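Accompanying notes for the structure given below.
The values are calculated or read from the model by the stated rules, or taken from the named source; none is laboratory data. Predicted model only: the values in this text are computed from it and were never measured. When we count neighbours, we look across all protein chains shown, and the Cβ atoms used for this are built from the backbone with ideal geometry, even at glycine. Only protein heavy atoms, including side chains, enter the accessible area calculation; ligands, DNA and RNA are left aside. Shrake-Rupley method; radii C 1.70, N 1.55, O 1.52, S 1.80 Å.
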Amino acid sequence: QVQLVESGGGLVQAGGSLRLSCAASGRTFSSSAMGWFRQAPGKEREFVATISGSAYRTYYADSVKGRSTISRDNAKNTVYLQMNSLKPEDTAVYYCAARDGVVSGNPTTYNYWGQGTQVTVSS
């Protein structure tokens with residue numbers, strides 16, 4: 001059984017920063033591509049960022065590119081999402097997910113999901 005637990009969400013003012021963490025257990029973490037997704041009320045879940053098992057490849061949604069950094073520490077079985085210059089439109093529940101194989105921005109290709117952490121950006 002794979003478990004993913006996100007943390008680090010909260011309430012922040014526009015222009016501020018947050019670092020989300022996702023701790024993984026129950027699988028060979030370093031062989032898994034990891035992704036961050038978000039879902040705002042009334043909207044579909046959307047891709048934010050993804051990172052390969054070795055951290056060699058990273059990809060970002062245009063909406064967060066230049067403001068966010070995805071990283072991972074395979075020794076700690078943890079993936080991070082550093083978000084800077086936050087905007088009210090970044091408000092959403094943020095989910096981390098894991099999949100075997102290469103990186104992907106398609107949420108339907110991910111096998112395992114965390115419970116999500118709320119990020120609220122006030123204007």
Please work out which one of (1) within 20 Å of Ser123 (Cα to Cα); (2) over 14 Å from the mean Cα position of the chain (by Cα); (3) open to solvent by 30 Å² or more (accessible area, probe 1.4 Å) is the condition Ser31 fails and give its number. (1)
Within segment 61-94, take every residue that is open to solvent by 50 Å² or more (accessible area, probe 1.4 Å) and part of a strand (DSSP E or B) and give me the one that is farthest from Gln118 (Cα to Cα). Thr69
Which of the numbered conditions does Ser21 fail, given that it passes all the others? Conditions: (1) in contact with a helix residue (DSSP H, G or I) (Cβ under 8 Å, 6 or more places away or on another chain); (2) more than 20 Å from Thr108 (Cβ to Cβ); (3) modelled with pLDDT of 95 or more. (1)
Could you please let me know if Ser17 is in contact with a Leu (Cβ under 9 Å, 6 or more places away or on another chain), surrounded by fewer than 16 Cβ atoms within 10 Å (Cβ to Cβ) and not hydrophobic (A, V, I, L, M, F, W, C)? yes
Go through segment 108-123 and give me each residue that's surrounded by 15 or more Cβ atoms within 10 Å (Cβ to Cβ) and either among the acidic types (Asp, Glu) or under 17 Å from Ser52 (Cβ atoms) (or both). Thr109, Tyr110, Tyr112
